[in-house]
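Throughout, read-outs are computed from the coordinates displayed, never taken from laboratory work. Values in this document were obtained by computation on a predicted structure and should not be read as measured data. Because the Cβ atoms are built from the backbone with ideal geometry, glycine has one as well, and the counts that use them run over all protein chains shown.
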Amino acid sequence: MTFFTGNFFTRKMPRRMIVQMLIALPALSLFRNQPAVVDPDEIVEVNGWILKRSDLA
Amino acid sequence: MIFDSYEAFRAANFTAKVCILGSGPAGTTIARKLGAAGIPVVVLEAGSREFSDESQDFYRGTTVGDPYFDLDITRLRFMGGSSNHWAGWCRVLDSQDFEPKAWAPDTGWPISRADIDPYLPEVHDILELPDFRPDVPISDDIRWIQLIKSPAVRFGEKFADELDASRNIAVVLNTYATELAGDGKRVTGARLWSNGQDAGAFSADYFITCTGGLENSRLLLWSNQRSNGGVVPNATALGRYWMEHPTFEGGNAILADYGEFEVDADNEAFFSPTLAAMERLQIMNFGIRLIETPYPHVKRLIADLACTAPDMAEWMSSRLSQNLRCAAQLYVAWEQAPLASNQIELSKTDVDHAGVPRIELHWKKSELERRTLLEGLRLFGTTLAQKNLGRVRIADWIGNGGDYPTNEETAGHHHMGGTRMGTDVTRSVVDANCKVHGMDNLYVGGSSVFCTSGECNPTTTITALACRLGDHLGKVIAV
């Protein structure tokens, strides 16, 4: 028990906050995979049409 | 002089130095050049002055492979040859068409565009053409090219009086050579057929076959067979590498701005790829014919576009009330890769009235051409989109890899190859001067000598090559 009671986080932070942080962790990964910047002039082929990506907006 | 039979010609005691077979654009042009140089020439024309079913019947044949036109419909057998149904569209093969393409075997000519350029002023006179304007690049990939719609010179009509008045040229109608005889070095004579019967043997110092892009191969194949190889000693390529310009509707376009190009009097404009684009995509040459279409087509296209890109469709629609000119149909005609397997053979079962085997044409479009069609439309569509000139929709059957439609133009009635020009005797039939390899006195005129077809109509190039051959032969004979 000495190990837990001596830990910085367990001494300074309430257990409730720790749980909330753990729950929030997966959501943080969303910010890591930010979508690439889309080139509006990129040429795309949709249903036979040769279009600019911005045409699809 | 013009004679209606070989009998009448013989009675005139005209001695010809050169015998030209066929009075189409190539035959007539070469005859005029030689006649002007003071060289006596006889032109044997199989038909008469007018079309007849009896004459056309000699052109019947069969096609194996892809669907093609009836062989007695796709060409004409009377004075002036197939110029009699020519549409008159003119353009010379581009410089790049003469160059070998690393991605397409058996491409490249032994001559360059510069070799025929000196003859273009004469060609312009013959075909009554204004000067061509230079190509206009509308992107790094696509050129706006000019294809002149000429008055469509009918060589038989246009030059009949001149030929009749000539003292050096004798045109003999209803007469042709069923076969040439040769000893492996020279043509020694021709077996003639006139007005429905055998007319005996005929000889001249030089022979030039100008019977068309199908018939040249037929005549030489049959002659060679009868002479045990004495007419075309190196016959590996004879009849092979035959080419057309396959032509299909490739899709549509909605056009927003004509700032970079104008349509002609028929509401058409023409586009081709740059050499760099062909090289990058490893495709053949092609021509896109953009034809403005009536208003209802615009609405249909915009409705279709609205399903995919509603905002773009709305913008296009708004242009309708401003200066949007129209929608367009896109027809694509492309260069066929020269393939030895596309060839003219002699029928083993069917002969004409003179006993000459009919043509069995083996013709099939390749995968490279299919890719040329699709990538060509993509290139054009990309250019229009990038330049905000409009948007292109590729026909479903092309995008989906479907079969070629059977109810469209199919091809251009352009018969090329079969006696192609080259330096390798196993892959060509004539040399750079259109002389049959190994023969001293046999030449070939017309589009059968084409090594590659480019994307444009062949008559202008045929006429230029004929001027060049006429000049060359005039010098050879004068020596």
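Please figure out what share of the DSSP beta bridges in chain B is antiparallel and state it in percent, rounded to the nearest 5. Among the beta bridges of chain B, antiparallel pairing accounts for roughly 70 percent. Dipole magnitude for the protein assembly as shown: computed about the Cα centre from +1 point charges on Lys and Arg Cβ and -1 point charges on Asp and Glu Cβ, it is near 1940 debye.
Dipole of the protein assembly as shown (Lys/Arg Cβ +1, Asp/Glu Cβ -1, origin at the Cα centre): which of B:LEU384, B:LEU219, A:ALA24 lies farthest to the positive side? Farthest along the dipole direction, towards plus: A:ALA24. Summarising the strand pairing of the protein assembly as shown, around 75 percent of its internal DSSP beta bridges are antiparallel. Of the complete DSSP H runs in chain B, those spanning 27 angstrom or more by Cα along the long axis with a mean Kyte-Doolittle score not below 0.5 are B:459-478. Dipole of the protein assembly as shown computed with +1 at Lys/Arg Cβ and -1 at Asp/Glu Cβ about the Cα centre; of B:GLY438, B:VAL171, B:GLY189, farthest Cα towards the positive end is B:GLY438.
Dipole check for chain B: with +1 at the C-beta of Lys and Arg, -1 at the C-beta of Asp and Glu, and the Cα centre as origin, the magnitude is about 720 Debye.
Cα centroids of the range B:417-466 and the range B:325-380: 18 Å apart.
Entry note, chain B: relative contact order of 24 percent, from Cα contacts under 8 Å with a spacing of 6+ residues. When the charge dipole of chain B is built from unit charges on Cβ atoms (+1 for Lys and Arg, -1 for Asp and Glu) and taken about the Cα centre, the candidate among B:ALA464, B:ALA152, B:HIS124 whose Cα reaches farthest toward its positive end is B:ALA464. Scattering from the protein assembly as shown was approximated by placing one identical point on each alpha carbon and applying the Debye formula without solvent; log10 I(q)/I(0) at 0.05, 0.07, 0.11, 0.13 1/Å stands at -0.27, -0.46, -0.94, -1.20. For chain B, the spread of Cα coordinates along the three principal axes comes to 78, 42, 41 Å, biggest extent given first.
The distance separating the Cα centre of the range B:115-169 from that of the range B:253-310 comes to 26 Å. About its Cα centre, the dipole of the range B:324-365 is roughly 260 debye, where the only charges are +1 on Lys and Arg Cβ and -1 on Asp and Glu Cβ.
Under 28 Å of direct C-alpha separation, and excluding same-chain neighbours fewer than eight residues apart, B:LYS185 reaches these lysines: B:LYS17, B:LYS33, B:LYS348, B:LYS435, B:LYS475. Once the chain from B:SER95 to B:ARG371 is taken as fully extended at 0.36 nm per residue, the excess over their C-alpha distance is 97.1 nm. Taken along the Cα-to-beta-carbon direction at a fixed 7 Å, the label points for A:GLN20 and B:ARG280 span 5.5 nm. Under the classification rounded if a/c is under 1.5, otherwise prolate if a/b is larger than b/c and oblate if not, where does the range B:134-186 fall, given a ≥ b ≥ c as square roots of the Cα gyration tensor eigenvalues? Oblate shape, in that a/c is at least 1.5 and b/c is the bigger or equal ratio.
Computed over the protein assembly as shown, the per-residue total of -39500 (n - 2.57) for DSSP H runs of n ≥ 4 gives a 222 nm mean residue ellipticity of -9000 deg cm²/dmol, rounded to 500.
When the square roots of the Cα gyration tensor eigenvalues are ordered a ≥ b ≥ c, the ratio a/c for the range B:262-318 is 1.5 or more and a/b does not exceed b/c, which makes its shape oblate.
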